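One structure is given here, and the rest of the page talks about it.
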Amino acid sequence: MKSFQDYLNEAEHAAENPVVGDLFDIELSPTEIIESEVIDITEDGIVLQITESVLSLLESYASAYNDVNRQTSTDNDDNDFKVREAEYQGRQVPLGKPMKGDVKKSKVYVRNPKTGKVIKVNFGQKGMKIKKSNPGRRKNFRARHNCANPGPRTKARYWSCRAW
């Protein structure tokens with residue numbers, strides 16, 4: 001009988017070494033996931049099968065992402081890679097990057113889609129350690145917090161579930 005660690009090792013190996021016929025999940029947002037099949041592996045990379053409706057959806061997400069990057073990037077930044085930043089209470093903060101918290105264990109800055117304003121989401125209990133390497137604890141935490149449906153990015157439960 002295989003152990004849980006054996007299954008994790010197999011999954012990691014399969015993710016690093018895809019073969020023709022494997023399925024990939026492309027996460028566009030917390031609620032939208034596209035499943036795509038590997039149809040070829042070339043020297044340049046992996047070729048995925050994508051339908052036209054999915055392709056148009058990906059293009060709309062890419063254009064929206066580029067619009068956000070253009071608005072938040074600085075003029076003197078010549079790099080191709082731009083960190084998404086926004087202003088929160090008069091200072092520049094990175095969006096969507098969890099960090100050590102001041103009030104709680106962790107915090108993250110996100111843009112509220114309803115208002116368009118940047119908010120700070122505090123989550124986690126200070127002094128407690130995450131022991132997600134223990135499968136029983138991980139399973140119980142995820143069940144207790146309904147991590148199958150974590151809710152919007154503006155809530156602490158979403159970020160706690162991502163950490164677990």
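Do we find a residue being loosely packed, with under 10 Cβ neighbours inside 10 Å and modelled with pLDDT of 80 or more anywhere in the range 71-89? Scanning the range 71-89, I find at least one residue that is loosely packed, with under 10 Cβ neighbours inside 10 Å and modelled with pLDDT of 80 or more, so the answer is yes.
Of the strands (runs of 3 or more DSSP E) that lie entirely inside the range 15-59, those containing 1 or more residues that are at pLDDT below 75 and among the hydroxyl-bearing types (Ser, Thr, Tyr) span 23-29. Scanning the range 135-161 for residues that are surrounded by fewer than 14 Cβ atoms within 10 Å (Cβ to Cβ) and either among the small types (Gly, Ala, Ser) or not in a loop (DSSP other than H, G, I, E, B) (or both) yields a count of 8. Flag set for residue 129, criterion: surrounded by fewer than 12 Cβ atoms within 10 Å (Cβ to Cβ), among the basic types (Lys, Arg) and at pLDDT below 85.
Checked against (1) within 23 Å of residue 32 (Cα to Cα); (2) among the hydrophobic types (A, V, I, L, M, F, W, C); (3) in contact with a helix residue (DSSP H, G or I) (Cβ under 8 Å, 6 or more places away or on another chain), residue 130 passes all but condition (1).
Each residue in the range 100-123 was checked for being farther than 18 Å from residue 157 by Cβ and exposed (fewer than 14 other Cβ atoms within 10 Å of the Cβ), and 5 of them qualify.
Summed over the range 133-151, residues that are over 15 Å from residue 4 (Cβ atoms) and touching a helix residue (DSSP H, G or I) at 6+ places or on another chain (Cβ under 7 Å) total 4.
Taking the conditions exactly as written (within 22 Å of residue 33 (Cα to Cα), among the aliphatic types (A, V, I, L, M), out of contact with any Pro (no Cβ under 9 Å at 6 or more places or on another chain) and in contact (Cβ under 8 Å) with a residue 24 or more places away in the chain), does residue 143 satisfy them or not?
no
The values are calculated or read from the model by the stated rules, or taken from the named source; none is laboratory data. Please read these numbers as outputs of a predicted model, since none were measured by experiment. A quick note on method: Cβ atoms are made from the backbone with ideal geometry, for glycine too, and the neighbour counts reach across all protein chains shown.
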